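These notes are about the structure you will find just below.
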Amino acid sequence: MYAEQHIGNLYRYVVADVIRRTFDYFGYDVTQVMNITDAGHITEADDDGVARMENAARSEHLSPLAIAEKYTRLFLEDRHKLNILDPDVMPKATEHIPEMVALIERLIAKGHAYVAADGVYFDTSTFPGYGSRLNTEPLAERQAGARVEVNPNKRHTFDFALWRAAKPGDLQQWDSPWMRGNPGWHIECSAMSMKYLGETFDLHSGGEDHLFPHHECEIAQSEAATGKQFVRYWNHVYFLKVDGGGMHKSIGNVFLVRDIEERGHDPLAFRMLVLGVSYRKGLDFTWASLAEGERRLNSWRSQLREAVQAGGEPTLPAADDPIRAAFAQAVADDFNTPRAVAQAEAALKLVNSTDDATRLRGLGLVFDMDRVLGLRLEDSATATDDLAGEDRRLFEERLAARKSGDYQRSDELRKALEARGIKVKDTKDGSRWERIKEGSAR
């Protein structure tokens with residue numbers, strides 16, 4: 001963790017969060033692990049270059065661990081803004097060096113790894129099908145176009161580092177049975193996941209850029225060590241696009257959560273945007289689409305708040321409720337969030353009913369669905385935020401004007417409240433108010 005995570009990275013975590021919430025929704029006993037890479041060796045081009053974290057540490061005049069702590073904190077803050085649930089376990093690489101060393105020792109003992117002058121390498125020739133478990137492209141074709149530095153210490157081109165010998169000036173290094181150095185990125189993930197989830201676990205998620213080499217390397221080293229299937233199911237999310245193209249620092253379209261906030265948008269509008277598109281298709285981010293997502297989110301909030309203010313307790317959805325059943329079927333079908341959102345819209349039609357039983361049924365359905373959608377809908381609908389001071393005085397004066405039939409004055413006060421960021425709506429059950437979010441449509 002050496003830099004702020006952009007919305008393309010966070011997009012993947014929102015998808016993973018929906019998956020985790022779906023399992024919770026169906027009553028599965030879920031243990032979610034997310035490791036923190038605070039041993040800096042990930043490089044721009046390949047595994048043998050200069051570590052990004054050490055570059056960041058030197059440029060910011062901090063230690064690598066301080067860099068990792070700083071950006072992990074910002075990452076977790078962004079996750080919380082997007083209402084991504086915390087994992088059950090969040091291990092740090094630097095605290096699991098012994099587990100990595102032990103796993104490498106198993107691979108050496110079984111003939112799957114060898115010690116070289118500059119580190120310890122996994123021998124890919126000992127693992128049949130290396131590189132093709134998740135990828136359809138033949139390894140030979142991938143090798144022809146790959147940028148792989150020629151290393152005379154490797155037996156084969158695609159052998160990968162399990163342990164690297166320390167280089168002069170390395171800021172992070174540890175003792176090992178072979179040489180002082182630091183672990184490879186791939187071995188970190190296998191060692192930590194197997195410690196907390198066992199040698200075989202159900203689901204591993206990541207981005208499409210992890211397909212090769214990272215996840216293929218994880219499979220090879222883990223299954224070579226244990227003789228067991230490493231992961232039963234894999235989930236990969238496509239790159240987020242911006243205005244139909246890729247995100248690139250050179251053209252200035254790498255956006256952060258704070259960029260969303262600085263433009264006056266609620267981060268949960270980004271989550272709403274993600275929910276509207278299948279992860280199988282990938283998300284194309286534009287500021288216009290974000291604004292549309294926020295308009296939808298604010299509309300939902302307004303409808304739900306008004307329904308809650310009308311009184312009564314939301315009805316717990318019946319197991320055979322057709323809308324709930326359709327929602328459950330949608331999220332069970334490869335986490336089809338667009339269909340799930342459509343069912344939430346169907347429930348919102350009930351929320352607007354003048355019949356109390358129907359309205360309360362709709363509220364119960366939407367709040368139940370939000371266990372998966374994760375938009376904090378019940379919190380916003382039941383917020384205890386109240387008017388005070390001049391806002392309260394103007395609202396009460398408007399109520400009195402309406403009661404006395406002075407609708408001209410009532411309209412003047414309504415506009416005055418809107419200018420102060422408070423929207424007033426008159427219903428058969430009385431006048432309701434809500435705060436107008438900056439930058440939202442009025």
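The values are calculated or read from the model by the stated rules, or taken from the named source; none is laboratory data. As the structure is a prediction and not an experimental result, all values here were calculated from the model. Ideal geometry is used to build each Cβ from the backbone, glycine not excepted, and the neighbour counts take in all protein chains shown. For accessibility, only protein heavy atoms count, side chains too; no ligands or nucleic acids. Shrake-Rupley method; radii C 1.70, N 1.55, O 1.52, S 1.80 Å.
Here are some notes:
- Counting only Cβ charges, +1 for Lys and Arg and -1 for Asp and Glu, the dipole size of the chain around its Cα centre is about 900 debye.
- Largest GNM mean-square fluctuation across ILE67, ILE422, ILE219, computed for the chain with C-alpha springs under 10 Å, falls on ILE422.
- Residues of the chain: accessible area per residue with a 1.4 Å probe, Å²: 47 Å²
- Correct choice for P(r) over Cα pairs in 10 Å bins from 0, in percent that was computed from the model, options (i) 4, 18, 28, 25, 15, 7, 2, 0, 0; (ii) 4, 19, 28, 24, 11, 7, 4, 2, 1, 0; (iii) 4, 18, 25, 22, 15, 9, 5, 2, 1, 0: (iii)
- Computed [θ] at 222 nm, helices only, for the chain once each DSSP H run of length n ≥ 4 contributes -39500 (n - 2.57): -14500 deg cm²/dmol
- Protein accessible area in segment 180-241, 1.4 Å probe - carbon and sulfur %: 49 percent
- GNM top mover of ARG79, ARG296, ARG232 - the chain, alpha-carbon springs below 10 Å: ARG232
- Toward the positive end of the charge dipole of the chain, with +1 on the Cβ of Lys and Arg and -1 on the Cβ of Asp and Glu, the farthest Cα among ALA307, ALA326, PHE255 is that of ALA307.
- Distance from segment 365-379 to segment 392-423 (C-alpha centre basis), Å: 32 Å
- Between the listed residues TYR121, SER278, ALA381, the Cα displaced farthest toward the positive end of the dipole of the chain, a dipole computed from Cβ unit charges relative to the Cα centre, is found at ALA381.
- Ignoring lysines fewer than eight residues from LYS92 along the same chain, the ones with Cα atoms less than 19 angstrom from its Cα are LYS70, LYS195.
- Taking a sphere under 11 Å around the Cβ of GLN229 and counting the other residues whose Cβ falls inside, with K and R at +1 and D and E at -1, yields a net charge of 0.
- Top of ASN135, ASN83, ASN235 by mean-square fluctuation, Gaussian network on the chain, Cα under 10 Å: ASN135
- Residue among GLN172, ALA288, ASN182 farthest towards the positive dipole end of the chain, charges placed on Cβ: ALA288
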